[in-house]
Amino acid sequence: MYRYDEFDATIVAERVSQFRGQVERRLAGELTEDQFKPLRLMNGLYLQLHAYMLRVAIPYGTLSSKQMRMLSAIARKYDKGYGHFTTRQNIQFNWPALVDVPDILDDLASVEMHAIQTSGNCIRNVTSDQYAGAAADEIEDPRIWCEVIRQWSTFHPEFSFLPRKFKIAVTASDTDRAAVKVHDIGLRLHKNDAGEAGFEVIVGGGLGRTPYVGHTIREFLPKKYLLSYLEAILRVYNLEGRRDNLYKARIKILVNSEGATTFADMVEAEWAAIKKNEIDLPAEEIDRIRDYFAPPAFDKLPETSAALEERRNSDKDFARWLRTNTHEHKTPGYAIVNISLKPIGGIPGDASDVQMAAVADIAEQYSHDEIRVTHEQNLVLPHVKRDDLYAVWKALDAQALATPNIGLVSDIIACPGLDYCSLANTRSIPIAQRISERFADLNEEEDIGELKIKISGCINACGHHHVGHIGILGVDKKGEEFYQITLGGSGAEDASLGEIVGRGLSSGDAVDAVEKLIGFYRQRRQSGERFLDTYRRLGAEPFKEALYEAA
Amino acid sequence: MKLLKFSGNLLAPALEEPLSEVMLDDWRANRQAHAGATALAIPNDASLGDIVEDLSGFSTVILTFPTFKDGRAYSQARIIRERFFYTGEIRARGDVLRDQILFMTRCGFDAFEFESGDANDALGEFSFAYQASADRVEPVWRQRLSRAAAA
Amino acid sequence: MKAVTGNLLSDGSVVYLGDDDQWTSDIGAAARFEDDDALPVIAAAQLRVTEIADAYLIDVEPSGAPVGRAVIRETIRSAGPTVRTDLGLQAECCG
Ligand code: SF4
């Protein structure tokens, strides 16, 4: 993991002092709320329905046990004993008092964490593959480049007042676990014919009111030019992006109005002009950062574990969890463990202080001190010995953290919605809870197979409903909650946007509709087909008919 | 209106000598008529592609922040400094706030139409910067390299 | 009818303007105004910038319960998250 040197530590500490001063000026009445709001937002502090909400950055979703323990302590001391992991690999605290926030930030800084650029029209926390450094199919650890981008983008003097927020994701695998095609910039590390690694640069994807899948504007960018190329894209966007309409201000609108080819030409021209400036890091600095992401000292282990196989055969529940919640590791004898934050009927992404502390302990003992946060609102233990899987399962299960449903119907993404969010039209969480309860039978869930349900409480699409195999969007009609269903979206390497089917439904009808759609899929699927595959093969029509025939 | 000028890492109140200003469009329409102008006011949606010919001869360039959220002039200032090597004064006009002046100096601004008093403590809030910009501050990565070389 | 609500500056908690001109977390204790009378009240409340982060008017029934377009939102604000009935004002009452 990356560790701060004195430069990083000083910058973060100075940011806390700066914010402490801003809070003092606000409390003393020297700043009005209008003047203070942009300042607090730049430090991830929102005012929501019931209280302030503090969004803490978890850079590229990586946490140490010590950091997780601090999040647990903050939840206990300053909040109401829990936190909410988000679709951008961050954590949100729902109840901090303004007067406590500078102290919370001090505590975070003591474990090399912060809330910098978790809101505002700037370059946000860079997201990545939650299996980075552990996945068998990656070219190199994408977090090296995330950290390079983190430093470059932190307090970037030119790009702190962009037309709109700006999100970058990096992956280094063919399997896209970072949703790079639906980000403002998606970077995919791959190898060219000469065997060199470089970035495919994808621009202009995004969800929200006007969803787009991004366009590739450069197939292959040598790694060493990453920052100058990003700077060129950001400069074109800063100068040319629309500022007259909040809903047309994201880079996706610019890319699509200019056309991807013209936009690419604008970027290339800008890049040619600035490439020679000292923007790109020298190899020594990249190597310095790379060293922090060297793999931990893995033991030499046999591919299979006899102890594990014995348990697998004797304990059906354990065997099920192995099937659904573990993933292949690049190192023989190791596995990647997914921790579900989606207990049946629970609140997606919420974890209590006790659970967080338990995960910290388990990671320290069994996963080289590392934890990841996924954009699907779960956690990951990236490096667990297969021999230890049974003990890890037991320890997780004791904390209700072993629901065997990763990627299945009850592994639902849901934004906070109207239970917390001041921008919401409707609630999201109760819909997720009811769907999850409807499919509480785990045998049935496994039979249904991979299915991504994603729910947003308004058009801002924080719940990524456009890229759900089944997406659900909350809409308000004269003070009543209605839900619009979309089908066929995907945020993965086969990215696509869901298509709206039919009219808005009441919350009860929406849950019934999901059940009907799944029932139809099970009747019509061919062997090996996921819901999405069947949908793509048959098209929207038969699904629509199935949805409305009995209604 | 109050004017602050930035030199030697300090912001100091400056005497407001009267500027003879011309807007970029007016200047381009009739250079003769504005031959005596000393300050060129460039709107923040102007394309800077061929601005270099216009710059010479002006001792001041004025860039605008219609609201503090409209950050186009940050890019304009860097382009004028770093690409066209303009060495005259770049003045920030409009919604110029204490908490943004540091970003402005980093992008090459060195004069500010600033209503609300002293902003020097805002400039001192950060000891380091990660990225190179128009202010020629040593970015953190270069400081790391020199430190490693010295060790 | 209208009531004045906002979030306290210091901790963000939901409050209403009571009959005594003090902030209360109980929507039932909120002062209720005829629509026309509410305007000077909200204007005055918005000046209390060191007490409150924002202040705005909501529609309420004569009984005090939220009503109108924002009924769900304001009901949830007054009680607490519907998915965490152990939190917010709803957790404190009726015990
Ligand atoms: S999608 Fe809307 S309701 Fe949900 S968190 Fe985002 S802004 Fe709030």
Looking only at the stretch A:466-486, count every residue that is crowded, with 24+ Cβ neighbours inside 10 Å and in contact with an Asp or Glu (Cβ under 7 Å, 6 or more places away or on another chain) and tell me the total.
1
Can you confirm whether A:SER410 is more than 8 Å from the ligand (Cβ to nearest atom) and within 14 Å of chain C (Cβ to nearest Cβ)?
no
I'd like the full set of residues that are under 13 Å from the mean Cα position of the chain (by Cα) and within 12 Å of chain A (Cβ to nearest Cβ), limited to the stretch B:64-84.
B:PHE65, B:GLY71, B:ARG72, B:ALA73, B:TYR74, B:SER75, B:GLN76, B:ALA77, B:ARG78, B:ILE79, B:ARG81, B:GLU82
Kindly establish whether A:GLN117 is polar (S, T, N, Q) and within 14 Å of chain B (Cβ to nearest Cβ).
yes
Report every pair of residues separated by at least 6 positions or lying on different chains whose Cβ atoms are under 7 Å apart, first residue within the stretch A:454-465 and open to solvent by less than 10 Å² (accessible area, probe 1.4 Å), second more than 6 Å from the ligand (Cβ to nearest atom) and basic (Lys, Arg).
A:GLY457/A:ARG427; A:GLY463/A:LYS454; A:HIS465/A:LYS454
Restrict the check to the stretch A:372-394 and report whether at least one residue is in a loop (DSSP other than H, G, I, E, B) and over 22 Å from A:GLY491 (Cα atoms).
no
The one condition A:PRO282 fails out of (1) touching a residue at least 24 places away in the same chain (Cβ under 8 Å); (2) in the same structural domain as A:VAL182 (by TED's automatic domain parsing); (3) not hydroxyl-bearing (Ser, Thr, Tyr) is (1)
If you go through the stretch A:499-507 one residue at a time, do you hit one that is within 30 Å of A:ASP174 (Cα to Cα) and in the same structural domain as A:PHE543 (by TED's automatic domain parsing)?
yes
Is it the case that A:LEU418 is within 16 Å of the ligand (Cβ to nearest atom), farther than 17 Å from A:GLU445 by Cβ and surrounded by fewer than 20 Cβ atoms within 10 Å (Cβ to Cβ)?
no
Residues that are under 21 Å from A:ASP176 (Cβ atoms): which helices (runs of 4 or more DSSP H) entirely in the stretch A:441-551 hold 1 or more of them?
A:531-538
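Residue by residue, here is whether (1) open to solvent by less than 10 Å² (accessible area, probe 1.4 Å); (2) within 19 Å of the chain's Cα centre (by Cα); (3) more than 30 Å from A:PRO302 (Cα to Cα) holds:
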residue	(1), (2), (3)
A:VAL354	no, no, yes
A:TYR366	no, no, no
A:GLU370	no, yes, no
A:GLN377	yes, yes, yes
A:VAL380	yes, yes, no
A:VAL392	yes, no, no
A:LEU396	yes, no, no
A:ILE413	yes, yes, yes
Among the numbered criteria (1) open to solvent by less than 20 Å² (accessible area, probe 1.4 Å); (2) on the phi < 0 side of the Ramachandran plot, which one does A:GLU138 miss?
(1)
Only one of B:ALA92, B:ALA12, B:ALA39, B:ALA111 is at pLDDT below 95 and small (Gly, Ala, Ser); which?
B:ALA12
Which residue is least open to solvent (accessible area, probe 1.4 Å), if the candidates are limited to the stretch A:6-20 and must be facing another protein chain (nearest Cβ under 8 Å) and free of Cβ contacts under 8 Å to residues at least 24 places away in the same chain?
A:PHE7
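The values are calculated or read from the model by the stated rules, or taken from the named source; none is laboratory data. Model, not experiment: these values are computed from the prediction. As a convention, Cβ positions derive from the backbone with ideal geometry for all residues, glycine included, and neighbour counts pool all protein chains shown. Calculation scope for accessible area: heavy atoms of the full protein, side chains included, ligands and nucleic acids excluded. Shrake-Rupley method; radii C 1.70, N 1.55, O 1.52, S 1.80 Å.
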